[in-house]
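The values are calculated or read from the model by the stated rules, or taken from the named source; none is laboratory data. Note that this is a predicted model, so its numbers are computed, not measured. Here the Cβ positions follow ideal geometry from the backbone for every residue, glycine too, while neighbour counts run over all protein chains shown. Ligands, DNA and RNA are excluded from the accessible area calculation, which covers all protein heavy atoms including side chains. Shrake-Rupley method; radii C 1.70, N 1.55, O 1.52, S 1.80 Å.
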Amino acid sequence: LFTLAELKVIQGLAAVSMASARTGMIRNSLRHVADFARRAVEDAAGVGTIPKLERMYQFKITLRNSQPPIWRRIQIRDCTLDKLHEHIQTAMGWRNCHLNHFRVGDRRYGDPELLYENFAEFDYEYSTCTKLSSILPKSGERFQFEYEYDFGDSWYHDVLFEGCVRAERGIQYPICVEGARACPPEDVGGLMGYREFLEAIADADHERHDEFL
């Protein structure tokens, strides 16, 4: 058995030694050693330290540019991005009335049945079969990506993976453990429309006060 520090040293030495290997066979063997050590480090330092059945993925979802911020923190099991969409809808308070997609790095992920008109044009990946465990760092490091809901109002959410936690006995998952502030109403016109909405319902003399109430 090796300690985490020893595994990191082995990984580094194998990677450096590949450059000066005398033969292709030795170089290939060193590559296998480096890859094995890398995977072992990831398992020891990351999500692999929690058994799969007990592993919960924790996310902080923040409605981008909302001031003060509207946010939720959720804990969920490994699932598809399409299922994560459902969890975000429930936790934030949206009603799942509009289209959505995720952007992870330079890749978009969406439901092919809902986005069929643009699925090929925008080179979408399938959110319906892409699991969280396939896109998140195996090291368990924090990682952020984007979720957009309603392409008209354009509600952009920053989805921050905060790491994995061990499931607690007696808790039913998925669960929203923290959050702040109410979700805007559907079809209110994005953040600009929401600001007008808040001003109107707070001012009885506003011309749209009764309409928004």
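Worth a mention:
- Across region 109-122, coupling constants 3J(HN,Hα) worked out from phi with the 6.51/-1.76/1.60 Karplus curve, θ = phi - 60°, read 10, x, 8, x, 6, 8, 10, 4, 5, 10, 4, 6, 4, 9 Hz, and Gly and Pro carry x.
- FRET efficiency estimate (nearest 0.05) - Cβ-Cβ, Y116 to R142, R0 41 angstrom: 0.75
- Built amide H within the under 5 Å cut-off of L114, gap 5+: none
- Structural descriptor for region 90-192: relative contact order 28 percent, calculated from alpha carbon pairs under 8 angstrom and at least 6 residues apart.
- On a per residue basis, the chain carries 60 Å² of accessible surface, using protein heavy atoms and a 1.4 Å probe.
- Accessible surface of the chain [probe 1.4 Å, protein heavy atoms]: carbon and sulfur percent: 51 percent
- Sparse packing (at most 15 other Cβ atoms within 10 Å of the Cβ) combined with a DSSP loop state is found for the following trypsin sites (Lys or Arg not before Pro) in region 164-213: R169, R181, R208.
- Between helix 4-18 and the chain: long-axis angle, C-alpha atoms, 0 to 90°, nearest 10: 70 degrees
- Shape analysis of region 94-213 places it in the oblate category; the axes a ≥ b ≥ c from the Cα gyration tensor give an a/c of at least 1.5, with a/b not above b/c.
- DSSP bridge pairs, region 91-213: antiparallel proportion in percent, nearest 5: 90 percent
- Taking 15 Å as the straight-line reach from the Cα of K131, the aspartates and glutamates in range (excluding those fewer than 8 positions away in the same chain) are D78, D82, E86, D111.
- Annotation: amide H-H contacts under 5 Å for R108 (H modelled 1.01 Å from N, sequence separation of 5 or more, or interchain): E125.
- Full extension of the chain segment joining M192 with D205 gains 2.7 nm, where the gain is 0.36 nm per residue of separation less the Cα-Cα distance.
- Taking all protein chains as shown and a probe of 1.4 angstrom, D210 keeps an accessible surface of around 130 Å².
- Farthest toward positive dipole pole in region 73-213 [+1 Lys/Arg, -1 Asp/Glu at C-beta], among V188, G170, L198: G170
- Cα gyration tensor category, rounded, prolate or oblate, for region 64-147 with a/c compared to 1.5: oblate
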